[in-house]
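Here the structure is laid out as structure tokens; the discussion comes afterwards.
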Protein chains: 2
Amino acid sequence: MDRIPILKFGDCLLITIQVDMHDQLALTLQEDLTAQIAKHASRGVLIDISSLEIVDSFIGRMLANIAAMSRILDAQTVLTGMQPAVAITLVELGMSLPGIKTALNVERGMDLLQEFIYREPESEDLHGSEG
Amino acid sequence: MDRIPILKFGDCLLITIQVDMHDQLALTLQEDLTAQIAKHASRGVLIDISSLEIVDSFIGRMLANIAAMSRILDAQTVLTGMQPAVAITLVELGMSLPGIKTALNVERGMDLLQEFIYREPESEDLHGSEG
């Protein structure tokens, strides 16, 4: 197993992480994912980590990186299936996963993504627009 | 990693097989899957094997077993993402995967499942009904 499969679901891409990540696998995943986002013009990325019992700082950083890369490619990232113990560990490690939305399971995660993708563009007040 | 995650998508369950299967993992998967089908009253099971480069007779038998179990629990099984080399090997091994429908990718597999789940029940001519 030298790469994690990326499944296309309409506008979204789905990744289920089942194995221990190591450097090369994480790099390959980032390359594959960014290539797939560009290829399919995907708007959302859903990452399921329900089978991970341990999320260390390496995986936490990798997830944050993936979310940041996806964001600048105009795709929203949602993390699903986090086990309670993992949430405790992440907070204790001081990792609040900025930029990553979370959902309890894949169904709710997909709903969340659809909401982001198809919501009306808001008339955002840009900071400093009045300055 | 001691179990393969099963993701629920509406009426269907999604499994992506990414690791080499061994006896215990296959047994656990069968138990988990049948439990999930019963719990959610699922009508379809989608198994993605796009990251498997080798499918031997053990995995072939396991897939056939899963399909048979799902069928008697009233769920249809679709296998997706098979690599061309795997198809060649399976046929050479004499395994035609009876009872398993296949689709090229997850999206087409989901379409196929939806078609099966929501099609009108046909008025089937039962064998021997005239005997």
Under 22 Å from A:Lys39, Cα to Cα: lysines that are on another chain or at least 8 residues apart: A:Lys8
Of all the stretches in chain A, which is the longest one without any exposed loop site, taking GluC sites (Glu not before Pro) in a DSSP loop (any state but H, G, I, E, B) with at most 15 other Cβ atoms within 10 Å? A:54-121
So who's got an amide H within less than 5 Å of the one on A:Val45, skipping anything under 5 residues away but keeping other chains? H placed 1.01 Å off N, in plane. A:Leu13, A:Gln76, A:Thr77, A:Val78
In whole Å, how far is the Cα centre of the stretch A:79-110 from that of the stretch A:1-67? 14 Å
Taking a label point 7 Å from Cα toward Cβ, how far is A:His22 from its twins in the other copies, in nm, shortest first? 1.7
Surrounding charge for B:Val86, neighbours by C-beta under 11 angstrom, Lys/Arg +1, Asp/Glu -1, total -3
I need the calculated FRET efficiency for the pair A:Gln24 and B:Leu27, taking r as the beta carbon distance and R₀ as 35 Å, to the nearest 0.05. 0.70
Identify the trypsin sites (Lys or Arg not before Pro) of the stretch B:16-76 meeting these criteria: DSSP loop state and at most 15 other C-beta atoms within 10 Å of the C-beta. none
Largest-first ellipsoid semi-axes for chain A, taking √(5λ) over the Cα gyration tensor eigenvalues, angstrom: 25, 18, 15
Enumerate the amide H contacts of B:Thr16 below 5 Å, restricted to partners 5 or more residues apart or on another chain; note that Pro and chain-start residues carry no placed amide H. B:Asp48
If you stretched the chain out fully between A:Glu92 and A:Phe58, how much longer would it get, using 0.36 nm times the residue separation minus the C-alpha to C-alpha distance? 10.8 nm
In nm, to one decimal, how far is the B:Ile72 label point from the A:Ala41 one, both placed 7 Å along Cα→Cβ? 4.9 nm
Inter-site label distance for A:Glu107 and B:Arg3 at 7 Å from Cα along Cβ, in nm: 1.8 nm
Would you calculate, for the protein assembly as shown, the mean residue ellipticity at 222 nm contributed by helices, counting each DSSP H stretch of 4 or more residues as -39,500 (n - 2.57) and dividing by all residues, to the nearest 500? -14000 deg cm²/dmol
Expressed as an acute angle from 0 to 90° and rounded to the nearest 10, what is the orientation of the C-alpha long axis of helix A:23-40 relative to the principal long axis of chain A? 40 degrees
What per residue convex hull volume, in Å³, do the alpha-carbon atoms of the protein assembly as shown yield? 160 Å³
Debye, to nearest 20: dipole size of chain B, +1 on Lys, Arg Cβ, -1 on Asp, Glu Cβ: 260 debye
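When only Cα pairs under 8 Å and 6 or more residues apart are kept, what is the percent relative contact order across the stretch B:7-131?
RCO, the stretch B:7-131: 24 percent.
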Around B:Met21, which amide H atoms from residues at least 5 apart in sequence, or from another chain, sit under 5 Å from its own amide H, with H modelled in the peptide plane? none
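All of the numbers you see were taken from the coordinates with simple rules; none came from a lab. Because the structure is a prediction, the values reported are computed rather than measured. All Cβ positions, glycine included, derive from the backbone under ideal geometry; neighbour counts span all protein chains shown.
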